[in-house]
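Worksheet for the structure shown next.
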Amino acid sequence: MNLAGIIVAGGRGERHGGPPKQWRSVAGRRVADHAAAALRAGGIRRLVVVHHPEDAAEAAPLAGEGVSLVPGGATRARSVLAGLEALAPAPPDGVLIHDAARPCASAALVRRVAEALGTHEGAAPALPLTDALWRGDDAVEAALPRDGLWRAQTPQGFRFAPILAAHRAHGGEAADDVEVALRAGLRVAIVPGEEDNLKITRPGDLERAARILERRMEIRVGNGYDVHAFGPGGHVTLCGVRIPHDRGLVAHSDGDVGLHALTDALLGALGCGDIGQHFPPSDPRWKGEDSLTFLRHAKAMCDERGFSVEHCDVTLVCEAPRIGAHVPAMRRTIADALGVGEGRVSIKATTSERLGFTGRGEGIAALATATLVRR
């Protein structure tokens, strides 16, 4: 089933106090970043992030390959509708709608909801109530039965066409999308939720979320190295940017040593070999290929295994051409290919003090390090 995801990130956090909770940092990244990563780790590649109109700058780092940003409405229901309408021109079969304030959902939970859509119009995670229920203010006024009551969670999944129609017909507010679906007559299956899938509501919840995320975090670091000799030509391509030069680089592909080294760093962190195993230089298909193809392939492998790219660092070693003026464009190009903010991409250039083959101007070398995290 072709699935997409909507991250609802338009809240203002009145109960939480301070800046909106979805943009606060926890366990090394923002709450909304964790929520989006959870859907990606569960196999959802196409995402719409619905943000408050005043939060465009805060939402911007989430944009990237497969992720679009949409301003939300005055209520949660209107924000979800905005996300659904953004998907409507190329509708998926189903959609998972997830609160940005739930950073601890696991990939397994996302997959459970997605799998349930194979046989149901809707599916949502929940936990049965186990505590006694009371009604009252300062004193207990009544004890209430808890049989058949559940604690609702997200992501909540639906077949796309029915939930779009339900939201278009729904005129008011709703606590969640299951409420909208039920009013439209849709049947929603309950799948097992997770105790760790808390919703950030009060300041203390950030500390609890940090403990959960740090406990399950897996960090991997990979490195890569590549060299290409100079040959005939009038330009070189480095980190995805074409730079005029009096010589080119000898290679089967476009000879982008920066992207080759970075691709190897990602593959190394995954334990998946090197670029030559995935794109053999003996294969004519890769003759003259744009090396961004290789980098995007490595990024897709990270996504499939539930890893996010936290940071990458590339060092280019050459006497010429001059690199400094091209670094901003290089960072943008790599950030776009990896679907991360530019702040997570570092590009440096150095010389070898005229020593060795780079010092003699015979070629260019590149070293790269990549840090991956799976939560």
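No lab work stands behind these numbers, since they all come straight from the coordinates. Keep in mind that this is a model prediction, so the values were computed, not measured. Glycine also receives a Cβ, built like all others from the backbone with ideal geometry; neighbour counts cover every protein chain displayed.
What are the GluC sites (Glu not before Pro) within the stretch 153-257 that DSSP puts in a loop, where the Cβ has at most 11 other Cβ atoms within 10 Å? Kindly include the intermediate steps, with their values, before the conclusion.
Numbers: sites: 173, 179, 194, 195, 207, 214, 218; in loops: 173, 194, 195.
Listed in order of number, the matching sites are 195.
Rounded to the nearest 20 Debye, what is the dipole magnitude of the chain about its Cα centre when Lys and Arg each give +1 and Asp and Glu each give -1 at the C-beta? Walk me through the numbers on the way to the answer.
On the way: 44 positive and 45 negative charges, 8 e Å.
Charge dipole, the chain, about its Cα centre: 40 debye, nearest 20.
How far apart, in nm, are two points set 7 Å out from the Cα along the Cα-to-Cβ line at residue 216 and at residue 146?
A separation of 2.3 nm, rounded to one decimal place.
Return the distance in nm (one decimal) between the two label points of a simple spin-label model at residue 56 and residue 351, each offset 7 Å from Cα along Cα→Cβ.
4.4
Once every DSSP H run of n ≥ 4 in the chain is given -39500 (n - 2.57) and the sum is divided by its residues, what mean residue ellipticity at 222 nm do you get, rounded to the nearest 500 deg cm²/dmol? Let's see the in-between values first.
Details: 12 runs with 115 residues, N = 375.
After summing the helix terms and dividing by residue count, I get -9000 deg cm²/dmol.
Over the Cα atoms of the stretch 68-154, what Rg and Dmax result, in angstrom?
Just the Cα atoms of the stretch 68-154 yield Rg and Dmax of 17.5, 54 Å.
Please rank 308, 291, fewest neighbouring Cβ atoms within 10 Å first, as an exposure proxy. List each step's numbers first, then the result.
Numbers: 308 23, 291 27.
Fewest to most other Cβ atoms nearby, the residues stand as 308, 291.
Give the lysines reachable from residue 21 as a straight Cα distance under 29 Å; neighbours fewer than 8 places away on the same chain don't count.
Within reach: 199, 299.
At what distance in angstrom do the alpha carbon centres of the stretch 48-121 and the stretch 222-250 lie from each other?
Centre-to-centre (Cα) distance: 40 Å.
So which trypsin sites (Lys or Arg not before Pro) in the stretch 174-257 pass both tests, a DSSP loop state and at most 11 other Cβ atoms within 10 Å of the Cβ? Intermediate results must be reported in sequence, preceding the final value.
Working: sites: 183, 187, 199, 208, 211, 215, 216, 220, 242, 247; in loops: 187, 199, 247.
Here the sparse-neighbourhood loop sites are 187.
Using the Kirkwood radius built from alpha carbon pairs, what does the Stokes-Einstein equation give as D for the stretch 138-191 at 10 °C and 1.306 mPa s, in µm² per second? Let's see the in-between values first.
Numbers: Rh = 13.2 Å.
Translational D for this selection: 120 µm²/s.
Specify the angular offset, from 0 to 90 degrees and rounded to the nearest 10, of the alpha carbon long axis of helix 160-169 from the longest principal axis of the alpha carbons in the chain.
That helix lies at roughly 50 degrees to the long axis.
Could you give me the ³J(HN,Hα) list for the stretch 178-188, computed from phi with Karplus coefficients 6.51, -1.76, 1.60 and θ = phi - 60°, whole Hz, x at Gly and Pro?
Rounded to whole hertz, the list is 4, 4, 4, 5, 5, 5, 8, x, 7, 9, 10.
Please list log₁₀ I(q)/I(0) at q = 0.16, 0.19, 0.20 Å⁻¹ for the stretch 218-374, using the Debye equation with identical point scatterers on the alpha-carbon positions.
The Debye formula, applied to the Cα set alone, gives -0.83, -1.15, -1.26.
Quick one: grab the alpha carbon gyration tensor of the stretch 3-216, order the square roots of its eigenvalues as a ≥ b ≥ c, and give me rounded if a/c is under 1.5, else prolate or oblate depending on whether a/b is larger than b/c.
On the way: a/c = 1.43, a/b = 1.13, b/c = 1.26.
Rounded shape, in that the Cα axes give a/c under 1.5.
Which of the GluC sites (Glu not before Pro) found in the stretch 11-118 are loop residues per DSSP with 11 or fewer other Cβ atoms within 10 Å of their Cβ? Let's see the in-between values first.
Numbers: sites: 14, 54, 58, 65, 85, 115; in loops: 14, 65.
Hits after loop and neighbour filter: 14.
Please determine, in degrees from 0 to 90 and to the nearest 10, the orientation of helix 292-304 with respect to the longest principal axis defined by the Cα atoms of the chain, where the helix direction is its Cα long axis.
30
How far is helix 257-270 tilted off the main Cα axis of the chain, in degrees rounded to 10, range 0 to 90?
Helix 257-270 sits roughly 50 degrees off the main axis of the chain.
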